[in-house]
Amino acid sequence: MDLGYSESEQMIKTTAREFLERECPKSLVRAMEEDDTGYPRELWQRMAGLGWMGLIFPEEYGGSNDTFLALVLLIEEMGRALLPGPFIATVVCGGLPILYYGSEAQKEEYLPKIAAGDIVLTQAFIAPDLPTTRPEVEEMVVVKDGSYILSGVKLFAPYAHIADCLVYSSRVTEEDTLFLVDAKQSEVKSSVLPSIGSDKQCEVVLNNMPVSETNVLGKKGQGQEIIGKIGEWGSLAQCGFILGELERVLEMTVEYAKQRVQFNKPIGSFQSIQHQCADMVMDIDTTKFLTYQAAWKLSQQVPATKEISLAKARASDASKRVCLLGVKVHGGIGIMEDHDMSLYYRKAKAGEIAFGDGDFHREIVAQQLDL
């Protein structure tokens, strides 16, 4: 079985790594944690100029018509660099549902702008547990004069505070329906929630927001189907990001084990450290195989629900184990805020639960086995 990269795939990885090593130092990553927007706009535009935003879109919408595997390889390099920004939210969770479920008018309106880096999209699906954090805003949909009037609260919408459009879910006649909502209107309020990854997870409040019938994504009542697909695409994209993070954590850990001396020997010469690094490799290589396998199946337009959940369950578990081992090998400096190991640990912890943790995806695998 050939697990090597094609020429174009290798070029994507090489170009992305060289670009991000030069343009996305850890100082920028830390600066964006404190920045109100959370992502570097100039770098975002330069990425669009490289064709990254439209990589998976058809050429008629300004894209390159590449595969999902190519997209995962690109995101893997983003994870390695800890690239901050709404790439997965915009391209994967916003662009792909429009590509596969949107009307032709919606595709022409949004996809070229995404490919050009002109707009940011994000998903807003997760309703708060009762009692709501905003008791004055009741979840409701009113149909009036051919439009929908939406009200409600959603949590953990990444980068919603700077988004131009929300892929927003609401119940219409007891069925979930998705809407493309203009996030810049006064009826939409977004605020950033504190999080371990400082990754700009937001609370979104809609209060009597009018949305035209033409802004329904897919068919009325098709929301759960589309949300399920977004969950699969987002999970696999997150696997790629986690994989890149963990590969860099392993490199840092091995480098440190070779340099750190105790008892007149590099700590990498001690069997316990060697075995911990070997455990990291096994977790990472398993994650890589499962991620690439699922991405290949999607690229071949083959159903991959089970394979995606296998990959995300392994990636989430590996994220926890690999980063913890990295911190242990580094010792005290591994938990210092100004050390990169601590930065990777926090980001990987956030990625572990994004789009569902290991237990969530094991349940999906069990369902695929008819259990």
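The values are calculated or read from the model by the stated rules, or taken from the named source; none is laboratory data. Computed from a predicted structure; not experimentally measured. Backbone-built Cβ (ideal geometry, glycine too); neighbour counts: all protein chains shown. Only protein heavy atoms, including side chains, enter the accessible area calculation; ligands, DNA and RNA are left aside. Shrake-Rupley method; radii C 1.70, N 1.55, O 1.52, S 1.80 Å.
Results for (1) more than 17 Å from Gly79 (Cα to Cα); (2) not aliphatic (A, V, I, L, M), shown as yes or no for each residue.
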| position | (1), (2) |
| --- | --- |
| Lys265 | yes, yes |
| Met282 | yes, no |
| Gly331 | yes, yes |
| Met341 | no, no |
| Tyr345 | no, yes |
| Leu369 | yes, no |
* Matching residues, segment 316-338, being of a type outside the set (Lys, Arg) and either modelled with pLDDT of 95 or more or in contact with a Pro (Cβ under 8 Å, 6 or more places away or on another chain) (or both) -> Ser316, Asp317, Ala318, Ser319, Val322, Cys323, Leu324, Leu325, Gly326, Val327, Val329, His330
* Asked: Which ones in segment 223-273 are under 30 Å from Gly356 (Cβ atoms) and β-branched (Val, Ile, Thr)?
  -> Ile226, Ile227, Ile230, Ile242, Val249, Thr253
* Asked: If a residue has to be open to solvent by 20 Å² or more (accessible area, probe 1.4 Å) and of a type in the set (Gly, Ala, Ser) to count, how many in segment 61-84 make the cut?
  -> 2
* To do: Determine if segment 217-230 includes at least one residue that is touching a residue at least 40 places away in the same chain (Cβ under 8 Å), in a strand (DSSP E or B) and touching a strand residue (DSSP E or B) at 6+ places or on another chain (Cβ under 7 Å).
  => yes
* To do: Could you tell me which of the residues Thr214, Thr291, Thr253 is part of a helix (DSSP H, G or I), in contact (Cβ under 8 Å) with a residue 60 or more places away in the chain and open to solvent by 60 Å² or more (accessible area, probe 1.4 Å)?
  => Thr214
* Could you check how many residues of segment 121-137 are open to solvent by 40 Å² or more (accessible area, probe 1.4 Å), at pLDDT below 85 and touching a strand residue (DSSP E or B) at 6+ places or on another chain (Cβ under 6 Å)? => 2
* Residues in segment 317-339 that are closer than 17 Å to Gly197 by Cα, open to solvent by less than 20 Å² (accessible area, probe 1.4 Å) and not hydrophobic (A, V, I, L, M, F, W, C): how many? -> 2
* Structure fact -> From the option list Glu76, Glu60, Glu33, single residue qualifying as assigned to a helix (DSSP H, G or I), in contact with a helix residue (DSSP H, G or I) (Cβ under 7 Å, 6 or more places away or on another chain) and of a type in the set (Asp, Glu) is Glu76
* Mind listing whichever residues of segment 227-250 are over 16 Å from Ile308 (Cα atoms) and crowded, with 22+ Cβ neighbours inside 10 Å? => Gly244, Glu245, Leu246, Val249
